[in-house]
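Here's the structure, in structure tokens; my notes come after.
The values are calculated or read from the model by the stated rules, or taken from the named source; none is laboratory data. Quick caveat: nothing in here was measured; it's all calculated off a predicted structure. Positions of Cβ are generated from backbone atoms using ideal geometry, with glycine treated the same way; all protein chains shown enter the neighbour counts. Areas reflect the complete protein model, heavy atoms only, side chains present, ligands, DNA and RNA absent. Shrake-Rupley method; radii C 1.70, N 1.55, O 1.52, S 1.80 Å.
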Amino acid sequence: MSQSTEELQHALVEQLMAVIGAPDDEQVAAAADTAVRTLDERLSAEAAA
């Protein structure tokens, strides 16, 4: 099941908050990177539509 854009935005905020809480944790950073890339792809696709 695909997440809605709003769900992806909320997930990104949660991931960025996690980075703030653990700035040296590489796993947290990788998860935030994935969230940013996923949302970017979604927003790019929506803009192209």
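Give me the percent of accessible area attributable to carbon and sulfur for the chain, probe 1.4 angstrom.
56
Testing the spin-label approximation: label points 7 Å from Cα along Cα→Cβ at Arg42 and Glu6. State their distance in nm.
Result: 1.1 nm between the two label points.
Per residue, how much accessible surface does the chain expose to a 1.4 Å probe? Answer in Å², no decimals.
Accessible area per residue, the chain: 78 Å².
Where does the chain land at 222 nm, in deg cm²/dmol rounded to the nearest 500, when only DSSP H runs of n ≥ 4 count, each adding -39500 (n - 2.57), divided by all residues?
Result for the chain, helices only: -28000 deg cm²/dmol.
Quick check on packing: order 12-24, 28-40 by the mean number of other C-beta atoms within 10 Å, highest mean leading.
28-40, 12-24
Please get the size of the charge dipole for the chain, origin at its Cα centre, with Cβ charges of +1 on Lys and Arg and -1 on Asp and Glu, quoted in debye to the nearest 20.
120
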